[in-house]
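Worksheet: one structure, shown below.
A short reminder: the numbers here are calculations on the coordinates, not readings from a lab. Here the structure is a predicted model, which means the values were calculated and not measured. Cβ: placed from backbone, ideal geometry, glycine included. Neighbour counts: every protein chain shown.
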């Protein structure tokens with residue numbers, strides 16, 4: 001096992017490593033559909049420490065760990081002593097004695113970084129308020145499957161400069177594709193970017209010009225529920241709909257990490273249209289995460 005090698009952000013990996021990871025994820029997907037049995041996690045125990053509710057992240061990781069032959073242990077804050085004030089450094093060192101890896105879905109990214117600092121096992125970012133790398137890798141894999149070149153494509157992000165936007169920026173800076181983000185003033189991404197292939201505008205129409213793919217997410221993420229009413233007003237005009245997509249490339253695809261608030265950040269007809277890759281994107285969480293686990297456990 002590769003000790004002290006974690007998966008916290010796409011920015012921590014090189015272009016070659018990310019492309020290799022995606023290639024392996026596509027191969028794993030073909031293997032599972034051909035009923036090929038491959039169990040590199042046989043005898044391994046992987047913990048899932050979740051402070052946020054989840055559908056796709058929890059189910060895809062649990063199923064993926066099982067398919068790779070490993071055993072999964074789910075832990076919420078109320079299940080372990082962190083919920084009663086135990087320092088992260090103490091929990092991290094103890095859990096490292098029992099587990100072979102730990103997936104964390106939490107709020108502050110500093111929680112992940114603290115776990116990584118004190119753990120002797122791989123830490124995987126299942127989501128933080130700053131980054132959502134597993135989801136964006138699944139998005140990229142989905143685009144590769146339909147023949148899009150990740151190094152030359154034009155991508156657009158419409159909406160909040162949240163963890164998904166941050167990870168899209170990381171991916172663009174690592175892989176080199178063009179990324180145009182349209183965010184309202186005051187809701188910009190939290191990660192810096194100074195590369196010529198990443199731009200920020202206030203105008204969604206400008207962002208989608210010549211786009212091969214348009215991505216979005218809810219306007220109010222988990223933990224921002226008290227801002228939902230204000231955000232509906234601020235983000236009016238940042239909806240992904242057919243009128244917006246008519247300004248994009250001749251053949252534009254749409255991604256959404258889910259859950260979606262249909263009729264807010266994206267319309268129902270776009271979700272259900274042949275432009276939508278949303279369901280393949282959701283499935284590919286399983287395959288990408290299996291590739292990540294395999295990589296971190298490689299000798």
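Need the full-extension length gain, residue 234 to residue 81, defined as separation in residues times 0.36 nm minus the C-alpha distance. One decimal, nm.
Values: separation 153, 0.36 × 153 = 55.08 nm, distance 3.96 nm.
Gain on extension, residue 234 to residue 81, equals 51.1 nm.
I need the shape label for region 73-196. Rule: rounded when a/c is under 1.5, else prolate if a/b > b/c, else oblate, with a, b, c from the alpha carbon gyration tensor. Since a/c reaches 1.5 and a/b is larger than b/c, the shape of region 73-196 is classed as prolate. Spacing of the modelled spin labels on residue 268 and residue 195, each 7 Å from Cα toward Cβ, amounts to 3.9 nm.
Would you mind getting me the FRET efficiency between residue 74 and residue 185? Use the beta-carbon distance for r and R0 = 35 Å, nearest 0.05. It would help to have the intermediate numbers written out before the result.
On the way: r = 40 Å, r/R0 = 1.14.
Result of the calculation: an efficiency of 0.30.
Once C-alpha pairs closer than 8 Å and six or more residues apart are averaged by separation and normalised to the residue number of the chain, the relative contact order reads 22 percent.
For the chain, the longest principal axis of the Cα atoms and the long axis of helix 56-67 meet at an angle of about 40 degrees.
A Gaussian network model of the chain, with springs between Cα atoms under 10 Å, assigns the largest mean-square fluctuation among 288, 208, 59 to 59. With R₀ fixed at 30 Å, the C-beta to C-beta distance from residue 258 to residue 206 puts the FRET efficiency at about 0.70. Say R0 is 51 Å: what FRET efficiency, to the nearest 0.05, do residue 97 and residue 32 get from their beta-carbon distance? It comes out at approximately 0.95.
Out of all DSSP beta bridges with both ends in the chain, state the antiparallel percent to the nearest 5. Each step should come with its number before you reach the end.
Working: 0 of 36 bridges.
Antiparallel: roughly 0 percent of the beta bridges in the chain.
Fully extending the segment from residue 23 to residue 227, taken as 0.36 nm per residue of separation minus the present Cα-Cα distance, adds 69.5 nm.
Given axes a ≥ b ≥ c from the Cα gyration tensor, I'd like to know whether region 147-276 is rounded (a/c under 1.5), prolate (a/b larger than b/c) or oblate.
Values: a/c = 1.71, a/b = 1.17, b/c = 1.46.
Here region 147-276 falls in the oblate category.
Compactness ratio for the chain: Cα radius of gyration over 2.2 N^0.38 Å (N = residue count) comes to 0.98.
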